[in-house]
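Enquirer: Can you read through this structure? Questions will come right after.
The values are calculated or read from the model by the stated rules, or taken from the named source; none is laboratory data. Not measured: the values here are computed from a predicted model. Note that each Cβ is placed from the backbone with ideal geometry, even for glycine, and that neighbours are counted across all protein chains shown.
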Ligand SMILES: Nc1ncnc2c1ncn2[C@@H]1O[C@H](COP(=O)(O)OP(=O)(O)OP(=O)(O)O)[C@@H](O)[C@H]1O
């Protein structure tokens, strides 16, 4: 029985493989060069068409790496724009990667369900897409991955042990966890279409920092999407207040700016260049979700730009999240001062350029949590999926118990002046003035 199945499935596969090999289909290196040439990536020199030249190919654990010399007159970005053409070309509908099929085949257990298992494996292998990543180091490097990147990266307790200082997990690639360090890249833009993971990412930041920098982190939270996403953080001792409406946002920003001013004054008076030199461990995070809602509010924008420009040395960090990135919602001052961006899928290349200064976010797969993380380099990551239950458990020790009446009023009154002193936004003294 088993040998019959073996002949129908594997031998069939092997016949297919040899025919693919004869047709040169398994040689992705040459195929990539053909795809690029057909897609117009060639130049004419002295009447002759010059195309990319394959110089090297290397087998890696994750797939194959090809190195090409690109013709004079073409740039890396010309090729970067054709990633989709390359992926589609390498993923013909009937294509099955025989090697990975045979590897998986060996793991099947002989039993009554073997036929079903083999059929399942074939279907799975046909559906699997090879993913391609390009980079440039003087040569064009094309990485062709055998298996797709994970579409789920669970945030668990073990993650917290892997982080140092002011790091948070930005996501995982196929090979490593990428961390964002708020001491290296102080301000962060978070962008992406609705429902792709911005709020989950913001909750990852807040939870991680509350867990790792319990005594040192302070948050000014502005949630213009109604306050639901940040609601569970409202009673944390690290949270200075939550603003839910544009007028509350202005009050919150004004208070944050006043605190920043106070710190800058202190640093100036004492000849400290920045907060690190002064030896202050605490950092203030101004988190704004949906920032586009206050993008035409001149007063709010002036403060946001000021924090982006002068906050760094004073220990202020801006996290600016929006699902509508344009040149209007993301001012040049904010963009210039945010050296890090995390960008989930966006609708257009124009929106992608507004966030990343390049296209790409519009081509991300339709996978929640898939994003481009950009600092001085650009990396595609699967961002951590942090569950609410895990957040609640992690932040619980930092919740300040208030009388119910107090708690109900907490958010609004936090930023409403000093008439109800108990509920006012308290900007803590840190002993610097
Ligand atoms: N990193 C992730 N991995 C897998 N799934 C995710 C991830 N992040 C978010 N999701 C899923 O996507 C859903 C929407 O995420 P989230 O609320 O963060 O989106 P959003 O971009 O903030 O949307 P909106 O702008 O409408 O608030 C989540 O409920 C979750 O199921």
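Enquirer: Within segment 173-196, how many residues turn out to be under 11 Å from the mean Cα position of the chain (by Cα) and within 12 Å of the ligand (Cβ to nearest atom)?
Expert: Residues flagged as under 11 Å from the mean Cα position of the chain (by Cα) and within 12 Å of the ligand (Cβ to nearest atom) within segment 173-196 amount to 4.
Enquirer: With touching a residue at least 40 places away in the same chain (Cβ under 8 Å), in the same structural domain as residue 326 (by TED's automatic domain parsing), loosely packed, with under 15 Cβ neighbours inside 10 Å and more than 13 Å from the ligand (Cβ to nearest atom) as the only criterion, which of 388, 392 stands out?
Expert: Details: 388 fails: more than 13 Å from the ligand (Cβ to nearest atom).
From the options 388, 392, the qualifying one is 392.
Enquirer: Would you check which residues across segment 97-139 are within 20 Å of residue 66 (Cα to Cα) and at pLDDT below 80 and list them?
Expert: Looking only at segment 97-139, we keep the residues that are within 20 Å of residue 66 (Cα to Cα), and these are 97-100, 129-139.
Within segment 97-139, 97, 98, 99, 100, 129 meet the criteria.
Enquirer: Same structure again: Of the conditions (1) within 10 Å of the ligand (Cβ to nearest atom); (2) in contact with a helix residue (DSSP H, G or I) (Cβ under 9 Å, 6 or more places away or on another chain); (3) not in a loop (DSSP other than H, G, I, E, B), residue 199 clears all except one; give me its number.
Expert: It is condition (2) that residue 199 fails.
Enquirer: Kindly list the number of the only condition in (1) more than 21 Å from the chain's Cα centre (by Cα); (2) closer than 27 Å to residue 241 by Cβ that fails for residue 287.
Expert: Exception for residue 287: condition (1).
Enquirer: Conditions: (1) more than 16 Å from the ligand (Cβ to nearest atom); (2) in contact with a strand residue (DSSP E or B) (Cβ under 8 Å, 6 or more places away or on another chain); (3) closer than 30 Å to residue 207 by Cβ; (4) at pLDDT below 95. Residue 149 meets all but one. Number of the miss?
Expert: Condition (1) is where residue 149 drops out.
Enquirer: Now a separate question. Consider residue 213 carefully, then state whether it is assigned by TED's automatic domain parsing to the domain that holds residue 306 and more than 23 Å from residue 312 (Cα to Cα). So that I can check it myself, show each step before the final result.
Expert: Details: assigned by TED's automatic domain parsing to the domain that holds residue 306: yes; more than 23 Å from residue 312 (Cα to Cα): no.
No: the conditions fail for residue 213.
Enquirer: Taking residue 186 and the conditions (1) surrounded by fewer than 18 Cβ atoms within 10 Å (Cβ to Cβ); (2) under 21 Å from residue 354 (Cα atoms); (3) touching a helix residue (DSSP H, G or I) at 6+ places or on another chain (Cβ under 7 Å), which numbered condition does it fall short on, given that it satisfies the others?
Expert: Looking at each condition in turn, residue 186 falls short on (1).
Enquirer: I've got another one for you. Just one of 276, 305 is modelled with pLDDT under 95 and assigned by TED's automatic domain parsing to the domain that holds residue 214; which is it? Can you show your working first?
Expert: Numbers: 305 fails: modelled with pLDDT under 95.
The conditions single out 276.
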